[in-house]
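Asks: Mind having a look at this structure? Questions to follow.
The values are calculated or read from the model by the stated rules, or taken from the named source; none is laboratory data. Nothing here was measured: the structure is a model prediction, and the numbers come from that model. In this analysis, Cβ positions are derived from the backbone assuming ideal geometry, glycine residues included, and neighbour counts consider all displayed protein chains.
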Amino acid sequence: MLQLTPSHFLPPPPPPLSPQNLSFSLLQSCKTLQEATQLHALSLKTGAFTNPLIASRLFSLYADPKINHLTYARSVFTQIQDPNLVSWNVLIKSHVTNQRSHDAVVLFRDLVRHHAPDNFTLPCVIKGCARLNAVEEGRQIHGLGLKIGLGLDKFVQSSLVSMYSKCGEIEFARKVFDEMRERDLVAWNSLIDGYARCGRVDVAVELFDQMEERDSFSWTVLVDGLSKCGNVEKAREVFDRMPDKNLVSWNAMINGYMKARDFETARELFSQMLTRDVITWNSMIAGYEFNGRFAEALELFREILEEDLRPTPATLVSVLSAVSGLAALSKGRLVHCVMVKHGFELDGVLGTSLIEMYYKCGSIDSAMAVFRGIQRKKVGHWTAIIVGLGMHGMADQVLQLFLEMRKNGMEPHAITFVGILNACSHAGLVDLGRYYFNMMIKDYGIEPTIEHYGCFVDILCRAGCLDEAKNVIGSMPMKPNKVIWMSLLSGARIHGNVEIGDYAAQHLIEVSPDTIGCYVVLSNMYAAADQWEKVSQVREMMKKRGVKKDPGCSTIEHRGMLHEFIVGDKSHPQTKEIYSKLSEVREKLKSAGHVPDTSQVLLCLEDEKEKEAELENHSERLAIAFGLINLEPRSPIRIIKNLRVCNDCHSVTKLLSKIYNREIVVRDNSRFHHFANGSCSCKDFW
DNA sequence: TTAGGGTTAG
């Protein structure tokens with residue numbers, strides 16, 4: 001709080017106490033936002049605000065890094081009559097420092113209508129271009145700088161070296177660097193960073209060795225550059241030689257080890273660190289998450305909370321993604337609580353992450369609730385919920401939301417259409433799929449990517465339009481990938497077209513000989529067509545190539561713990577109860593008239609009884625039995641499976657949802673199935 | 001009245 005002491009009112013020697021003098025004197029001593037707003041109010045009350053100098057000083061105060069209130073700064077700026085170049089520079093700089101580089105560049109365009117920019121303006125806006133990766137705009141500003149005689153200013157030049165380096169235009173960076181009359185450390189460091197970023201580590205090291213003087217940045221950019229290029233050993237050598245290791249270089253090393261999947265060494269460095277910042281924690285968490293080590297990521301998040309550190313949005317993005325990977329819904333709800341407690345806004349990327357976490361954990365209702373609660377929804381939020389509903393097979397709602405989205409003036413982008421096409425595919429909507437595929441191209445001018453083709457081909461294959469699918473594949477401007485051939489193969493299996501199945505399998509094995517799914521589906525297709533000799537051939541091929549079928553694995557969460565079951569598992573402490581539940585299930589299914597569908601049993605079991613027994617031990621059955629035993633009677637049973645659900649498990653789960661009057665949600669390797677009251681949301685297309 | 005340009009996660 002600003003203390004209004006008598007000296008503020010009676011400054012010696014006594015000039016006349018005009019509102020201007022009062023304000024100038026107070027503005028100089030002002031340090032906090034509260035003081036600034038008090039002065040702002042005072043200047044409005046006394047009329048001092050109408051003086052452009054007072055208004056400019058007040059504006060600079062709001063933009064000052066210590067106060068940094070961009071909204072107020074902008075608002076005051078608009079009220080300054082003819083703001084001078086200094087005020088413009090301050091405004092642009094504060095936008096760049098507040099991650100609003102796009103606005104900074106737009107403001108720069110306004111500025112040049114009123115003033116010639118100076119050697120303060122250009123480095124700022126060039127940095128903004130670098131942040132945006134807007135090399136073309138940067139190049140134009142470079143040209144402008146040359147035109148107005150700022151081409152040899154060392155700040156302008158080194159900002160250009162940095163901008164070109166960050167945008168991957170290393171030759172231009174080098175050119176500017178070579179033209180510099182006075183190359184200081186900043187210019188050298190930027191260039192080394194540029195060479196390291198584009199993978200030319202040898203040049204980076206050479207430049208580093210040539211330097212007469214180095215500072216901590218020089219060492220750090222080299223350590224980081226080497227780490228990023230996957231040369232973690234060399235990075236460690238430089239790091240070990242580094243005289244005063246700073247926090248950034250430790251963090252860079254951690255990232256290097258994480259990238260190299262050397263978790264032990266990353267962890268070792270982490271525990272050796274005497275001081276850590278939030279980036280250290282984020283690097284560890286993101287590293288674990290990126291490499292699929294979700295439980296370790298969540299464990300570190302728990303430690304962050306225990307140490308009373310404030311997570312950042314970057315922390316939460318990684319953590320939510322780790323939660324999704326494990327489908328640990330209750331942990332996800334806890335993270336959501338932490339976000340609410342710390343007052344994180346959901347208007348940006350965090351809203352998207354939260355929506356994704358919920359639908360990937362099987363709770364589309366919570367995903368929808370988050371979506372509805374976001375005040376200023378952006379395209380990313382609409383897209384996330386559309387993709388989520390699509391994965392949950394809720395095509396009607398997808399199409400309804402798509403309409404709503406467009407009514408709200410939102411322009412769908414390429415991924416929105418991936419979500420829509422995916423929904424059409426899961427719901428078997430072949431005509432609508434064609435309609436939206438064409439709408440995307442004609443109405444929105446979006447070039448279909450391989451993902452769009454993947455969905456579209458899948459739509460056609462599921463609906464049995466196999467010849468049309470084959471034609472679309474032939475007309476694609478890019479090489480079909482394994483997803484596309486896999487769709488055709490699966491479609492051929494579902495619709496019993498062995499000829500097209502053979503054709504698809506041939507291409508699939510060519511593109512991706514290690515795709516296990518290919519052999520499984522192919523084998524299932526031959527099995528269903530009673531071509532057992534071919535089934536054996538496929539098995540031989542798998543053996544020869546060393547391809548093994550991943551064992552089916554299902555997980556279920558109970559009281560914050562994840563329980564994992566593999567096919568035929570007998571390791572769970574509740575095994576006895578689980579198998580006795582399975583016997584009960586078998587009886588109930590039998591009385592409901594269920595006949596086991598053994599057509600997809602890959603094992604060459606001669607005996608029908610053996611085949612049936614194999615099905616009964618499928619991992620999701622064990623998980624469902626566990627859920628029936630342990631979960632509250634009315635709570636949904638949510639299961640995550642690593643493979644595609646087999647035909648028989650699908651029919652069984654439908655029946656069980658009716659027999660036990662339970663909602664069962666199964667996430668397989670590509671989508672969700674909501675089983676309730678004897679039917680599934682996928683309408684038996686999957 | 002600005003005090004510039006260079007490093008780590010996402």
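Asks: Given the criteria outside any helix (DSSP H, G or I), among the charged types (D, E, K, R) and within 10 Å of DNA strand B (Cβ to nearest atom), does residue A:261 qualify? Steps first, please.
Replies: Working: outside any helix (DSSP H, G or I): yes; among the charged types (D, E, K, R): yes; within 10 Å of DNA strand B (Cβ to nearest atom): no.
Considered against the rule, which asks whether it is outside any helix (DSSP H, G or I), among the charged types (D, E, K, R) and within 10 Å of DNA strand B (Cβ to nearest atom), residue A:261 comes out as no.
Asks: I'm told residue A:217 meets every condition in (1) touching a residue at least 24 places away in the same chain (Cβ under 8 Å); (2) over 29 Å from residue A:258 (Cα atoms) except one. Can you identify the failing condition by its number?
Replies: Of everything listed in (1) touching a residue at least 24 places away in the same chain (Cβ under 8 Å); (2) over 29 Å from residue A:258 (Cα atoms), residue A:217 misses just condition (2).
Asks: Would you pick out the residues in segment A:63-87 that are at pLDDT 90 or above, under 17 Å from residue A:104 (Cβ atoms) and either near DNA strand B (Cβ under 9 Å from one of its atoms) or touching a Gly at 6+ places or on another chain (Cβ under 6 Å) (or both)?
Replies: The answer is A:83, A:85, A:86, A:87.
Asks: OK, next. Tell me whether segment A:118-126 contains one or more residues that are assigned to a loop (DSSP other than H, G, I, E, B), of a type in the set (Phe, Trp, Tyr) and within 8 Å of DNA strand B (Cβ to nearest atom).
Replies: Checking segment A:118-126: at least one residue is assigned to a loop (DSSP other than H, G, I, E, B), of a type in the set (Phe, Trp, Tyr) and within 8 Å of DNA strand B (Cβ to nearest atom).
Asks: Residues in segment A:147-168 that are surrounded by fewer than 18 Cβ atoms within 10 Å (Cβ to Cβ) and more than 8 Å from DNA strand B (Cβ to nearest atom): how many?
Replies: Total meeting the criteria: 6.
Asks: Let me ask you something else. Could you give every pair whose Cβ atoms fall below 7 Å, whose first residue belongs to segment A:319-335 and is assigned to a helix (DSSP H, G or I), and whose second residue is surrounded by fewer than 19 Cβ atoms within 10 Å (Cβ to Cβ), counting only separations of at least 6 or pairs across chains?
Replies: Here the result reads A:325/A:292; A:326/A:295; A:326/A:562; A:330/A:560; A:331/A:560, each pair linking segment A:319-335 to a residue that is surrounded by fewer than 19 Cβ atoms within 10 Å (Cβ to Cβ).
Asks: While we're here: When only residues in segment A:222-242 that are farther than 14 Å from residue A:209 by Cβ and of a type in the set (Val, Ile, Thr) count, which is farthest from DNA strand B (Cβ to nearest atom)?
Replies: It comes out as A:232.
Asks: Take the residues of segment A:51-62 that are more than 7 Å from DNA strand B (Cβ to nearest atom) and over 41 Å from the mean Cα position of the chain (by Cα): which is farthest from residue A:81 (Cα to Cα)?
Replies: The residue in question is A:54.
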